[in-house]
């Protein structure tokens, strides 16, 4: 990639630092998409010993790129995102990926396809990590930032995304227990 194309790509990606998510940090400010993506990558790294058969570098790359479409659309929380929102984000992302030089264009197209299909363990792991990180972040935020429906959402979300792995099921259960405790503490 020539230096000007690299700089243009990095300048575009920088927008995720200012694209705010629905979640709040433990100190009470809105979390950026870039911060979420960073911790998703970090989670993947720390799971490498639990998944020795998995190409963890591929999982980490999936985690790093998974929200690049939000450069164009902003972050729309899962519980508000419509099919039309998903299609718009996908189209804008695909247009941008198609504009990249080889081999990046082809590599990213294949990676996004794999992520979307979620047939490989790598893709399943990335999606589970992405979902679990959001719940962990909610548990770390002040409960006053939660919307009423998020009490149930934090207790029910992503169980379907961890069924491929006993370890990920155990992690989801531990996160569930943290959520239960957080709700109990708030009710005192």
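The values are calculated or read from the model by the stated rules, or taken from the named source; none is laboratory data. Since we're looking at a predicted model, the values are computed, not measured. Ideal geometry is used to build each Cβ from the backbone, glycine not excepted, and the neighbour counts take in all protein chains shown.
Just one of the listed residues (66, 36, 22) is out of contact with any helix residue (DSSP H, G or I) (no Cβ under 7 Å at 6 or more places or on another chain) and in contact (Cβ under 8 Å) with a residue 40 or more places away in the chain, namely 22.
Take residue 101 and tell me if it is in contact with a strand residue (DSSP E or B) (Cβ under 7 Å, 6 or more places away or on another chain), surrounded by fewer than 16 Cβ atoms within 10 Å (Cβ to Cβ) and in a loop (DSSP other than H, G, I, E, B). No: the conditions fail for residue 101.
Would you confirm whether any residue within region 104-119 is in a loop (DSSP other than H, G, I, E, B), without any contact (Cβ under 8 Å) to a residue 60 or more places away in the chain and either in contact with a helix residue (DSSP H, G or I) (Cβ under 6 Å, 6 or more places away or on another chain) or within 18 Å of residue 68 (Cα to Cα) (or both)?
For region 104-119, residues in a loop (DSSP other than H, G, I, E, B), without any contact (Cβ under 8 Å) to a residue 60 or more places away in the chain and either in contact with a helix residue (DSSP H, G or I) (Cβ under 6 Å, 6 or more places away or on another chain) or within 18 Å of residue 68 (Cα to Cα) (or both): present.
Within region 15-34, if we keep just the residues that are in a helix (DSSP H, G or I) and touching a strand residue (DSSP E or B) at 6+ places or on another chain (Cβ under 8 Å), the residue that is farthest from residue 77 (Cα to Cα) turns out to be 17.
If you take the residues of region 144-166 that are assigned to a helix (DSSP H, G or I) and over 19 Å from the mean Cα position of the chain (by Cα), which of them is farthest from residue 23 (Cα to Cα)?
If we filter region 144-166 for residues that are assigned to a helix (DSSP H, G or I), which is where we start, we get 144-145, 150-156, 159-161, 166.
Within this subset, residues satisfying the condition of being over 19 Å from the mean Cα position of the chain (by Cα) are 144-145, 151-152, 166.
Details: 144: 12, 145: 8, 151: 13, 152: 16, 166: 27 Å.
Residue satisfying both the conditions and the ranking: 166.
Cβ-Cβ contacts under 7 Å between residues 6 or more apart (or on different chains), taken from a first residue in region 85-96 that is under 12 Å from residue 109 (Cα atoms) to a second residue that is part of a helix (DSSP H, G or I), are listed as 93/72. Within region 154-168, the residues that satisfy the criterion of being within 15 Å of residue 179 (Cβ to Cβ) and surrounded by 19 or more Cβ atoms within 10 Å (Cβ to Cβ) are 154, 157, 158, 162. In the set (1) surrounded by 15 or more Cβ atoms within 10 Å (Cβ to Cβ); (2) at negative phi; (3) at pLDDT 95 or above, the condition left unmet by residue 109 is number (1). When each of 12, 6 is tested for being part of a helix (DSSP H, G or I) and within 17 Å of residue 107 (Cβ to Cβ), the lone residue that passes is 6.
Might you check whether a residue that is more than 18 Å from the chain's Cα centre (by Cα), crowded, with 17+ Cβ neighbours inside 10 Å, free of Cβ contacts under 8 Å to residues at least 24 places away in the same chain and on the phi < 0 side of the Ramachandran plot occurs anywhere in region 42-62? No, region 42-62 has no match at all. With respect to the conditions (1) in contact (Cβ under 8 Å) with a residue 24 or more places away in the chain; (2) within 23 Å of residue 33 (Cα to Cα), residue 156 falls short on a single one, namely (1).
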